[in-house]
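Asker: Could you have a look at this structure, given as structure tokens, before my questions?
The values are calculated or read from the model by the stated rules, or taken from the named source; none is laboratory data. The structure displayed is predicted, hence computed values, not measured ones. Cβ placement follows ideal geometry from the backbone for every residue including glycine, while neighbour counts extend to all protein chains displayed.
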Amino acid sequence: MTIELTIAHLGDSADLLPNPAFGSPERRIGASYEGELAKIRLREALTREEALHRQIDKLILQHQAVLSRLFAWREDATTHLANLSPRQRQIMALVVAGHHNKNIAAELGISQRTVENHRASIMKKTGSKSLPALARLALAAAWIGAPTSGP
């Protein structure tokens, strides 16, 4: 029975015996712990990376929606401005630049009342309710700075 206990004891405590290939039992336990810790850290890093990918995908979708709306707004603005005559475009450029009706009339050699009529037609054709709205429309169409002599 003593021999059996000794063999059983040796079998149960084999992990605690020093092994030249793996080092002391403490080293094997430490290596096992470090391996598990590395696995946990790797899983955490992969989880963070997946979360970042989801955030990036969400941001891309949001930016695509914003860009889509901006392009639609620009196209709409371009369509509105395409309906203007060359003279209306010329007057619009001066109005958006901040010139008064009296100065525009003097510069173009037309009456102030004619400038007012053109301004009213411009506002109606573009659907603008105010001068700032007209300026935003012109900017959206990337129209400011374009030649005013023709379409």
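Asker: Say whether the condition of being part of a helix (DSSP H, G or I) and at pLDDT 90 or above is met by at least one residue in the stretch 70-87.
Answerer: Checked against the condition, which is being part of a helix (DSSP H, G or I) and at pLDDT 90 or above, the stretch 70-87 yields at least one hit.
Asker: Scan the stretch 76-90 for residues that are over 14 Å from Ala135 (Cβ atoms) and touching a Lys or Arg at 6+ places or on another chain (Cβ under 8 Å) and report the count.
Answerer: 3
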